Every structure is written in C-alpha cells, then in structure tokens.
1. Hey, could you check the range 41-53 for residues that are out of contact with any Asp or Glu (no Cβ under 8 Å at 6 or more places or on another chain) and within 11 Å of Ala254 (Cβ to Cβ) and say which is surrounded by the most Cβ atoms within 10 Å (Cβ to Cβ)?
2. Would you please name the residue that is farthest from the chain's Cα centre (by Cα), looking only at residues in the range 110-149 that are of a type in the set (Ser, Thr, Tyr) and over 30 Å from Ser92 (Cα atoms)?
3. I'd like to check which helices (runs of 4 or more DSSP H) are fully inside the range 303-410 and have at least 1 residues that are in contact (Cβ under 8 Å) with a residue 40 or more places away in the chain and of a type in the set (Lys, Arg).
4. If I go through the range 339-374 residue by residue, how many of them are closer than 11 Å to Leu122 by Cβ and of a type in the set (S, T, N, Q)?
5. May I ask you to list the residues in the range 236-263 that are of a type in the set (A, V, I, L, M) and modelled with pLDDT under 95?
6. Do we find that Ala266 is under 30 Å from Ala93 (Cα atoms) and not β-branched (Val, Ile, Thr) in this structure?
7. Would you say Ala81 is in contact (Cβ under 8 Å) with a residue 24 or more places away in the chain, touching a helix residue (DSSP H, G or I) at 6+ places or on another chain (Cβ under 9 Å) and buried (at least 20 other Cβ atoms within 10 Å of the Cβ)?
Amino acid sequence: MTSAAAVPAAGAGPAAAPDTDPDTGLRRTVGPWAFLGVTVASLGGPLALAALYAPSIVADAGGSAGLSVLAAAVVFGFPLAIWLRYSRDIASAGGQFAFVEAAAGRRVAQVQAGIWIVSYVLYLLDTTGSVVHDTLPAVLPQVKPYQSALEIAIPLFLAAVMLAGRAVALITTGVIAAGQLVLVAILDGVAVHHAAPLASFGTGAPAGPLATSVGGTALLYVCGSLPLFLGGEVVAPRTRTVRRGLVAGYLLVAAGVIVAVFPLAADPAFLRAPIPGMSLVRVFAGHGLAVAVGVGVAVSVVGVMLVEFLALSRLLTAATRLSLRRGTAWLAAALVVAGPVSLIDPDAFYDSLIKPSLFALWLSQLMVFAVYPRYAVRKGAHPVVSYALGAAGVAFALYGLWAVWHHAVS
C-alpha cells in the first residue's frame, strides 16, 4: 500500500524531484537531530515550562506538585497518540491541515487551517510584549529603559532568521533547544539537591485544585504539534523520523519538567515567585546562575516563536499555494510592523489578542481530534479504540476552550 507520506500533496507539480518537498520546493535534508531540536524548542519551550509555567499552574496544588506534572504528562499522551497515528501515514508541510484533509476532505481542512493560521499569527504578534514586559523585568529590572527597543528588536531578529533560509532557522532553533536542555538539567539538579519529597506524588492537595493543575499543565504541551509542519522536509523514512522525533522530544521535555517541579512541594513558597525556577536557583546556587535561568526562560519563549514562524510559513504554502518565500516575507512584515504598533499600549495589545488566539488554537485542535476516528477506522484501526482516542482528544480540546473562556490568561 502506498502511504500518503509517499505521494505529493494535492495540486503539487508533477515535476517535483523525489527528494524534494512538493509543497515548499526544498530538498528533504532535515535529519533526525534537526527535527528533534525543533520538537524540543516547540514544547513550551522546555525551560519556560520547567521554570515558569508549570510551577505557576500547580501552585494551588503544591502539596501534590509531582503528581500534577506527572499526570499532566500522561493526559497529554492522548492528543500526542492521535498526532502519531496520523503521522504513521502523513508527513508533509501541511501538518495538521494534511491530517484533516485526509480524514474529512480539503474544504474542511481549509477551514481548520484558516482557524489555525489566525491563532498562531495572533500569538506570534503578541508574544514579544509578554517577553519584554513580563518575563525580562522579573529577571533584569534594569531592562525597563530598553523595553521599547526590544519590542522592535525581537521581531526583527526572528524575521531576519527566517528570511535567511531554512539552514539558519534550524541552526538557531537547535542552539536554543540545546541551551534550554542544559539549563533544564541544571535546574533539575538544583531542585533535587534541595529536596526530593516523594509525597509530592501523592494526593495531598485538594481534588479541585489538583484536577485543575493537571489539566492546565497538560495544555502547555500543545505547541508540540508545530514540528509536524516540517514533515515534508525530513529525510527518509519521513514518517518514522517524525514519529520518533516527536516521542523523543516529548519524553525529554516532560521528564525535565517533572524533575524540576516535584521538589517544590517541599517549599511551596517558590511556586508563588514571579519565576519559580529562577528563585529556587538563586537561593541554592547563586545569583549568576539564576539570571542565566531567567534569561533562558525568555529565550525559550522566543524559540517557540521561531518554530511558530517556521510552521506558519509551511502551512501557508501547503494550504494557499503561496510560495514559501512570499509567505515567509508576508509573515515577517506583519511581525515587524506589530512591534511599533504594540508600543502604543503594550498591555492592551496583548490582552486584545491572547484570548482570541488561544480560542482559535483549541478550536483548530478540536477539528483535528474530531475527524480522527473516521481516518483511523478507514486505515484499519480498531473502531472502539479509534473512537475512544478521538473522544479523549475532543475532551482535551474542549477543556482548552473552557479554560480560555473561564480563566484569566497570563
């Protein structure tokens, strides 16, 4: 049987060379290590998850911090399993758009792609403000006079990297990913050396806050779908490279988050700090290393932005027939222009974009999960298992929508 990964996307030119991605026109030279780097950078990134986001979310269930992050990693296994099953047959620049197209047809897929594009364009435009006005001042208070310059410089940096071409983008992403893993390992070592309370994996926290922390932490991993859009450019066997890269990257990041967070149950005050991991390192390893972790958190978020840019450029090419060069240029222009515009009122700019962005994100994921059983059964998977997995994915996306609607977004 010829898999979908082995044939060009619909509408692709017949003259495409067998070792060239028909959507992007780029040679399929992205190896397993490069793909793993993109995966690691996309998941949070890992340092932001381990030092900032996950500890903050589990604060109300601090006595069960270990159980919260461990259970969250298990919960996220359901949507990850769906992506992996799709990826058994499909690896293309369309990513999740290609998944939905294979399951429900191109028209439905174009709707899903449109919603996904809106989500990540909005998120890409407003994340710089969060880094500059929320994260960096907590690390370097002296940065405040330079915030306006940074709001312009960060988008210019990302645009320059993407316009420089795939090799530069992948090298930059790989360096960011490797640096984060080193800092996560250091954070893990400091945290475990401080305390290793096994009771943290028990149910000491109240049931309500524990369930909320599990669900909220699991949602953090959703950007792990971004590497899927690089699937058309990886070396053969493409589907195997994608699946192994996703699993390996996720296990690395999830393990790093669990080891960093569970010791905080011994001193829940750290969970309330502006950047919990940085505060822990400052107390037990010194100011210099703490600043490195804090700056690394900011770089971690910028790394996710770079992978978002990479994924958006591929999806625009696959879904709209726009050339990769032109799509990248339009995205770069929007990102660069957003910097000065956001300076008019940074808080209002962020607040006006973040909720629509997240709502669109979970709506697009809901579509991917909802049509999955139809695809899986057609491919010979067991109907009960397929519908159960699809239902779990739909429930996950619905929880994401509920969380955006009912909770303040920080």
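1. Among them, the one singled out is Leu43.
2. It comes out as Tyr146.
3. Correct list: 346-370, 372-378.
4. Result for the range 339-374: 2.
5. Taking the range 236-263 and keeping what is of a type in the set (A, V, I, L, M), we get 236, 242, 246-248, 251-255, 257-261.
Result: Ala236, single match.
6. On the way: under 30 Å from Ala93 (Cα atoms): no; not β-branched (Val, Ile, Thr): yes.
No, not satisfied.
7. On the way: in contact (Cβ under 8 Å) with a residue 24 or more places away in the chain: yes; touching a helix residue (DSSP H, G or I) at 6+ places or on another chain (Cβ under 9 Å): yes; buried (at least 20 other Cβ atoms within 10 Å of the Cβ): no.
So Ala81 does not fit the description; no.
Listed here are the residues, each with its yes/no results for (1) within 23 Å of Gly224 (Cβ to Cβ); (2) out of contact with any strand residue (DSSP E or B) (no Cβ under 8 Å at 6 or more places or on another chain); (3) surrounded by fewer than 15 Cβ atoms within 10 Å (Cβ to Cβ); (4) touching a residue at least 12 places away in the same chain (Cβ under 8 Å).
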residue: Leu136; (1), (2), (3), (4): no, yes, no, yes
residue: Pro141; (1), (2), (3), (4): no, yes, yes, no
residue: Ala159; (1), (2), (3), (4): no, yes, no, yes
residue: Leu183; (1), (2), (3), (4): yes, yes, no, yes
residue: Leu187; (1), (2), (3), (4): yes, yes, no, yes
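The values are calculated or read from the model by the stated rules, or taken from the named source; none is laboratory data. All values reported here derive from a predicted model rather than from experimental measurement. In this analysis, Cβ positions are derived from the backbone assuming ideal geometry, glycine residues included, and neighbour counts consider all displayed protein chains.
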